[in-house]
Amino acid sequence: MKLCIYIFVIAQFFTIAYANNSAELQQQFKTAYQSYKSSLNSNDLTHQKTAAKEAYELGRKLYGDTHINSAKLALNYVVTLHKLKEFKHSDELESFIAQIYKDTYGEESKELIDLYYSFSKSIGWNDNRKRKRYLSEALDIADEAEEKSPLLAAATRLSIGKEYINLGSKKGKVVLKALDYLSNKFPKNDTRVVEAKFWAGKYYLSFEKRNNAIEMLTSNLPIFDKIEGATHPLELATHAFLVQAYEGKRMPDEATKHTLAIGRMTPWDDSQEATPIYRVNPRYPLDMVRKGISGYVVFEFTITDIGTIDDIKTLEYEGKAFIKEGKLALEQWRYAPKFVDGKAVAAKKQTLRLDFTLG
């Protein structure tokens, strides 16, 4: 009888101890996680890394190695490592996170696609090889899931295609496949269709298929025109890409329609240097290349009421040979013209410095 009581007391002691330890761990984790969240408001990446790591390690003890919460805490830590370009330290954790996502959500899940997309976004331009690998992983899942989830597949192709286009990769062509599905499924004014057409236009423009780009981009203009009030988020960029497409086809009159459209929508700021919509890089004089000479030219010019360049003057230079090439390039640039009281006017005394440097 005494033995039974003794065993019960011991068991009770361990239960109380475990409860106390669990409560203590929960409090430690809560404090660490709050510290991590607070660290996001600062630019101190080293502090973010320390806070994210502590929250992840305590969370893993609290939830266990296979819990999705442990994976999400690890993801916070990995994103910070990516910001710090510490990719060697993140590789093992990325595999750990991906496996938990597969076990929890499935190998053809939206959550797994989102995870790979998150990896690629946080890696950014720091490691394009690794970034492309995760984009490819997400696309593979979309292909496998297409029969069961065609909308998920199309949405993934659109998202991933945008990343490839920004990378200058021909794999951005997947946006065309996304557009094919979305345009057959939804009306023209659906935000997904509008976005897909915009990125299809940008894809075509990237590879100088200007007629295709113009067709895609102009198809959205009637939809933008029907919107009352605020400008559509893609409208300005659409007009800018159309300027590039028409100038590339040497159709300046058509380009002007879009420089004027941008000018009407964009407030002019005399305190800031105007940003060109279309530019041609100047040729580097061969003689200066042979001699290994760098230099620069500062020009003053007028932006006309249709966004072309006029009255170019040289204010300063280093290397006289750069003046001619700089001027020849600048003459081809296009800007959004200045509007005053609803009317386009010339903007005089604009200045620009063109630098000529050898890599």
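A short reminder: the numbers here are calculations on the coordinates, not readings from a lab. All values derive from a computational prediction rather than experimental measurement. Don't worry about glycine lacking a Cβ; one is built from the backbone with ideal geometry, like all the others, and counts go over all protein chains shown.
Near K37, which aspartates and glutamates are there with a Cα under 13 Å away, not counting those fewer than 8 places off in the same chain?
The reachable aspartates and glutamates, counting only those whose Cα sits under 13 Å from K37, are E54.
Quickly work out the T46-to-T191 label distance, labels modelled 7 Å from Cα along the C-beta direction, and quote it in nm with one decimal.
Distance between the two pseudo-spin positions: 4.1 nm.
What FRET efficiency do you get for L151 and K209 if R0 is 41 Å and r is their Cβ-Cβ distance, rounded to the nearest 0.05?
Result of the calculation: an efficiency of 0.90.
Direction-averaged shadow area of the convex hull around the Cα atoms of the stretch 37-174, nm²?
About 8.5 nm², averaged over all directions.
Eigenvalues of the Cα gyration tensor times 5, then square-rooted: what semi-axes does that give for the stretch 52-106, in whole angstrom, largest first?
18, 14, 8
By its C-alpha gyration tensor, with a ≥ b ≥ c as the square roots of the eigenvalues, how is the stretch 285-338 shaped: rounded for a/c under 1.5, else prolate for a/b larger than b/c, else oblate? All intermediate terms of the calculation are to be shown ahead of the outcome.
On the way: a/c = 3.68, a/b = 2.39, b/c = 1.54.
Judged from the Cα gyration tensor, the stretch 285-338 comes out prolate (a/c at least 1.5, a/b above b/c).
Give the shape of the stretch 222-295 as rounded, prolate or oblate, defined through the alpha-carbon gyration tensor: a ≥ b ≥ c are the square roots of its eigenvalues, a/c under 1.5 means rounded, and otherwise the shape is prolate if a/b is larger than b/c and oblate if not.
prolate
Quote to one decimal, in nm, the extra length available between V340 and D269 on full extension: 0.36 nm per residue of separation minus the C-alpha distance between them.
Value of the extension gain: 24.4 nm.
Does the stretch 164-216 classify as rounded, prolate or oblate by the C-alpha gyration tensor (a ≥ b ≥ c root eigenvalues; a/c under 1.5 gives rounded; else a/b over b/c gives prolate, otherwise oblate)? Could you put the intermediate results ahead of the total?
Values: a/c = 2.35, a/b = 1.61, b/c = 1.46.
Prolate.
In straight Cα distance, which lysines are under 17 Å from K313, not counting same-chain residues fewer than 8 positions off?
Answer for K313, where 17 Å is the Cα cut-off: K324, K327, K348, K349, listed by chain and number.
Can you tell me the Rg and the Dmax, both Å, for the Cα atoms in the chain?
Final numbers for Rg and Dmax: 28.6, 108 Å.
List the pairs from K132/K171; K132/K185; K53/K162; K30/K110; K130/K202; K102/K173 whose alpha-carbon separation is above 20 Å, in the order I gave them. Walk me through the numbers before you get to the answer.
On the way: K132/K171 10 Å; K132/K185 29 Å; K53/K162 32 Å; K30/K110 29 Å; K130/K202 24 Å; K102/K173 28 Å.
Beyond 20 Å: K132/K185; K53/K162; K30/K110; K130/K202; K102/K173.
Using a Gaussian network for the chain with springs between C-alpha atoms less than 10 Å apart, which of these wobbles most: M216, M251, M288?
Of M216, M251, M288, the most mobile in the Gaussian network model is M288.
Between G59, G201, G161, which gets the highest mean-square fluctuation from a Gaussian network model of the chain, Cα cutoff 10 Å?
G59
Past the 19 angstrom mark, what percentage of all C-alpha to C-alpha distances in the stretch 249-359 do you count?
Working: 2900 of 6105 pairs.
Value for the stretch 249-359 (Cα pairs over 19 Å): 48 percent.
Across every pair of different alpha-carbon atoms, what Kirkwood hydrodynamic radius in Å does the stretch 146-296 reach?
17.4
Which stretch or stretches of the stretch 85-99 have amide N atoms under 17 Å from the point lying 7 Å from L25's Cα along the Cα→Cβ direction?
none
Two decimals, Cα atoms only, Kirkwood Rh: what is Rg/Rh over the stretch 98-191?
That ratio is 0.98, to two decimals.
Angle, helix 110-123 long axis vs. longest principal axis of the chain, Cα atoms, 0 to 90°, nearest 10?
60
Looking at the chain as a GNM with Cα springs under 10 Å, which of P337, P233, P150 has the largest mean-square fluctuation?
In this elastic network of the chain, the residue with the biggest mean-square fluctuation among P337, P233, P150 is P233.
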